[in-house]
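The values are calculated or read from the model by the stated rules, or taken from the named source; none is laboratory data. Since this is a predicted model, take the numbers as computed values, not measurements. Positions of Cβ are backbone-derived with ideal geometry, glycine not excepted, and every protein chain shown enters the neighbour counts.
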């Protein structure tokens, strides 16, 4: 198939942050082109946003319903192949459901949906239709995260015993939502964000990274959930004890009131033979702490890494690959898998390495159980 994969976007219009990130990531490898969009719930804003992106006026829609209905009616050599959903949480389900029902593949920002009921319905539809569904837990896209995953999977550090994952931010240390700051406003609003604040926004990233890197799944958890800024309606801080399905123990904390912190996602995994350490603020390095030999620092693009890490590396060693490139790795693998499907072929396992609807359902369950545990006197909750 000698053409680019055609993308339609829901959300991400003027004033949005994550929409531009998705567009840059999707375009980075030259596999995908944006051909249409419903960029805002305000039809005029949507059309103006499309104009900013140099899209034809007739491909800039006033709603996602109009976009999906119209695109489906277009000839196969023109219409979009998939939609990318970059809206606040409460507007994930509607376009994802309609896209799947009308034969379009989906990339969706995290978390998967507003609540578990919606998440389960999307999982059902993905299984029923057989369409591709990617969830942009972008931190899984870093080469050294994939290297760590490969090492753990191949038993290089022995059986995992302990997982410590943290995601501190400081941007909500004050009541920023009271200033009409758009990103703060919707993330702290239960009607748009759901039942969780920090735990839904960044806690799910920590949960997903821990499960992705180790290949384990959380079995039980015990949570302490807090609202530290007076008058805030959703959690802005939390601490969680974890138990994994192999018996390993873990600690997860996520906080958006850690003053001075930026996006300090960090994970440490300790096995019988060695420990691994990776930080989003220094993503090209994977620290390996061996039990009986000197510490080793593995670097992106240096030496013989596992195929999945090499596949996720674009440029020579010493040139930092960061947030956008990790995001782009999800889009690249999604596009390569979709390209194979459109050509009537089976996607390669290497290309199917991206979070999907099942990961999204686990993220929603994490949110639900963390909040349940935080409110419960029993504390330990089965996942």
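Numbers below:
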| item | result |
| --- | --- |
| Residue list for the range 167-186, restricted to those being outside any helix (DSSP H, G or I), crowded, with 20+ Cβ neighbours inside 10 Å and in contact with a helix residue (DSSP H, G or I) (Cβ under 8 Å, 6 or more places away or on another chain) | 167, 169, 172 |
| Residue check, residue 69 in a helix (DSSP H, G or I) and within 20 Å of residue 102 (Cβ to Cβ) | yes |
| Residue selected from the range 122-153 under the condition assigned to a loop (DSSP other than H, G, I, E, B) and touching a residue at least 60 places away in the same chain (Cβ under 8 Å), by the criterion farthest from residue 206 (Cα to Cα) | 132 |
| Subset of the range 340-365 (residues that are over 11 Å from residue 132 (Cβ atoms) and either part of a loop (DSSP other than H, G, I, E, B) or at pLDDT below 95 (or both)) | 343, 344, 345, 346, 348, 349, 350, 353, 355 |
| Only one of 321, 272, 296, 325 that is under 24 Å from the mean Cα position of the chain (by Cα) and at pLDDT 95 or above | 325 |
| Of all residues making up the range 287-314, the number that are part of a loop (DSSP other than H, G, I, E, B) and either surrounded by 15 or more Cβ atoms within 10 Å (Cβ to Cβ) or not assigned by TED's automatic domain parsing to the domain that holds residue 263 (or both) | 7 |
| Which listed residue, of 366, 354, 327, is within 27 Å of residue 199 (Cα to Cα) and either in the same structural domain as residue 226 (by TED's automatic domain parsing) or exposed (fewer than 15 other Cβ atoms within 10 Å of the Cβ) (or both) | 366 |
| Index of the failed condition, residue 373 passing every other in (1) crowded, with 18+ Cβ neighbours inside 10 Å; (2) under 27 Å from residue 199 (Cα atoms); (3) under 23 Å from the mean Cα position of the chain (by Cα) | (3) |
| Flag for residue 217 being in the same structural domain as residue 231 (by TED's automatic domain parsing) and under 27 Å from residue 303 (Cβ atoms) | no |
| Count of the range 93-109 residues which are part of a loop (DSSP other than H, G, I, E, B) and surrounded by 22 or more Cβ atoms within 10 Å (Cβ to Cβ) | 2 |
| Single residue of the range 72-83 satisfying the filter (in contact with a helix residue (DSSP H, G or I) (Cβ under 7 Å, 6 or more places away or on another chain) and in a loop (DSSP other than H, G, I, E, B)) that is surrounded by the most Cβ atoms within 10 Å (Cβ to Cβ) | 80 |
| Test: residue in the range 84-92 that is assigned to a helix (DSSP H, G or I), touching a strand residue (DSSP E or B) at 6+ places or on another chain (Cβ under 9 Å) and either modelled with pLDDT of 95 or more or closer than 16 Å to residue 334 by Cβ (or both) | yes |
